[in-house]
Amino acid sequence: MSKRVLTVRNMALAAMFTALLAISGQIRIPLELVPITLQTLVVMLTGSLLGARIGAISMIVFILLVAFGAPILSGGAGGLGALLGPTGGYVLSWPLAVWVIGWLTERAPRLRVWNLTLIHLLGGVLLVYAAGVAWLAHVIGLGWKAAVLQGVLPFIAGDVAKAVVASFVTLGVIRAYPAIRPRK
């Protein structure tokens, strides 16, 4: 198994997906605690297109930018206060979610819409929900039931749709630019 190095191409792709994640957070529907954004779509795409290592680096760069005050979270929030606030668990889970999606994608013998959708849902969405709900319950002091009602239920249909869209987009990008397909 060969190591993927941080080439200029890989760094440029990681930077591009970091920027896409920042932009996708500005398109939002505010809810009581957790807004609806397109960020989970970009998280799924990052893992399935960049792979585990480069994708996770992209998410870590995003989190570092937020931590240092860049106003790139949903609604233009930034800084440690925003990162450690009620929605911080979702954001902090993104590197791991991308890594899992990338790892599974790299090992898939053949990519199809159905298996990519499963990878996005199991490797990404469920992991993000688990971290987000646990964080939300802890930071705000909500019970588990209330945290799930506010931090998961409003998002299920949209995240399933995003997983399907991410699968079609991933396959389209790989067909148009085969060199981007992550390899193990």
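Residues that are within 14 Å of the chain's Cα centre (by Cα), within 16 Å of V43 (Cβ to Cβ), of a type in the set (S, T, N, Q) and open to solvent by less than 30 Å² (accessible area, probe 1.4 Å) do not occur anywhere in the stretch 104-114.
Whenever a residue of the stretch 103-116 is farther than 17 Å from F168 by Cβ, its partners that are open to solvent by 100 Å² or more (accessible area, probe 1.4 Å), lying with C-beta atoms within less than 7 angstrom and at least six residues away or across chains, give the pairs E106/R183; E106/K184; R107/K184.
A search for C-beta distances below 8 Å between a residue of the stretch 51-72 that is touching a residue at least 40 places away in the same chain (Cβ under 8 Å) and surrounded by fewer than 16 Cβ atoms within 10 Å (Cβ to Cβ) and any residue that is in a helix (DSSP H, G or I) and of a type in the set (F, W, Y), counting only pairs 6+ apart in sequence or on different chains, returns nothing.
Return a yes/no flag: does the stretch 73-84 have any residue that is farther than 23 Å from G102 by Cβ and in contact with a Leu (Cβ under 7 Å, 6 or more places away or on another chain). Break it down into steps so the answer makes sense when it comes.
First, pick out the residues of the stretch 73-84 that are farther than 23 Å from G102 by Cβ: 74-82, 84.
Filter once more, keeping what is in contact with a Leu (Cβ under 7 Å, 6 or more places away or on another chain): 82.
Within the stretch 73-84 (the criterion being farther than 23 Å from G102 by Cβ and in contact with a Leu (Cβ under 7 Å, 6 or more places away or on another chain)), the answer is yes, since at least one residue qualifies.
With respect to the conditions (1) surrounded by 12 or more Cβ atoms within 10 Å (Cβ to Cβ); (2) out of contact with any Asp or Glu (no Cβ under 6 Å at 6 or more places or on another chain); (3) over 23 Å from L31 (Cα atoms); (4) not hydroxyl-bearing (S, T, Y), A176 lacks only one, and its number is (1). Scanning the stretch 122-144 for residues that are part of a helix (DSSP H, G or I), open to solvent by 20 Å² or more (accessible area, probe 1.4 Å) and within 27 Å of A82 (Cβ to Cβ) yields L126, L127, Y129, A130, A131, A134, W135, H138, V139, I140, W144. Of the numbered criteria (1) closer than 25 Å to V173 by Cα; (2) at pLDDT below 95; (3) small (G, A, S), the one A82 fails is (1). Considering the stretch 1-35, the residues that are small (G, A, S) and loosely packed, with under 13 Cβ neighbours inside 10 Å include one that is modelled with the highest pLDDT, namely A12. Could we say that V169 is among the aliphatic types (A, V, I, L, M) and within 17 Å of V42 (Cα to Cα) here? Here the answer is yes, as V169 does meet what is asked.
Scanning the stretch 36-48 for residues that are out of contact with any Ser or Thr (no Cβ under 6 Å at 6 or more places or on another chain) and either open to solvent by less than 10 Å² (accessible area, probe 1.4 Å) or more than 20 Å from W103 (Cβ to Cβ) (or both) yields I36, V43, M44, G47.
Restricting attention to the stretch 86-103, the residues that are open to solvent by 40 Å² or more (accessible area, probe 1.4 Å) and either more than 10 Å from the chain's Cα centre (by Cα) or not aromatic (F, W, Y) (or both) add up to 4.
Of everything in the stretch 148-184 that is farther than 27 Å from W135 by Cα and in a loop (DSSP other than H, G, I, E, B), the residue that is modelled with the highest pLDDT is Y177. Select from the stretch 65-79 the residues that are part of a helix (DSSP H, G or I) and modelled with pLDDT of 95 or more and list them in ascending order. Within the stretch 65-79, L65, V66, A67 qualify.
The values are calculated or read from the model by the stated rules, or taken from the named source; none is laboratory data. Computed from a prediction, not measured in an experiment: that's the story for all the values here. Neighbour counts are summed over all protein chains in view; Cβ atoms, including those assigned to glycine, are modelled from backbone coordinates with ideal geometry. For the accessible areas, the whole protein counts, side chains as well, though only heavy atoms, and no ligand, DNA or RNA atoms are used. Shrake-Rupley method; radii C 1.70, N 1.55, O 1.52, S 1.80 Å.
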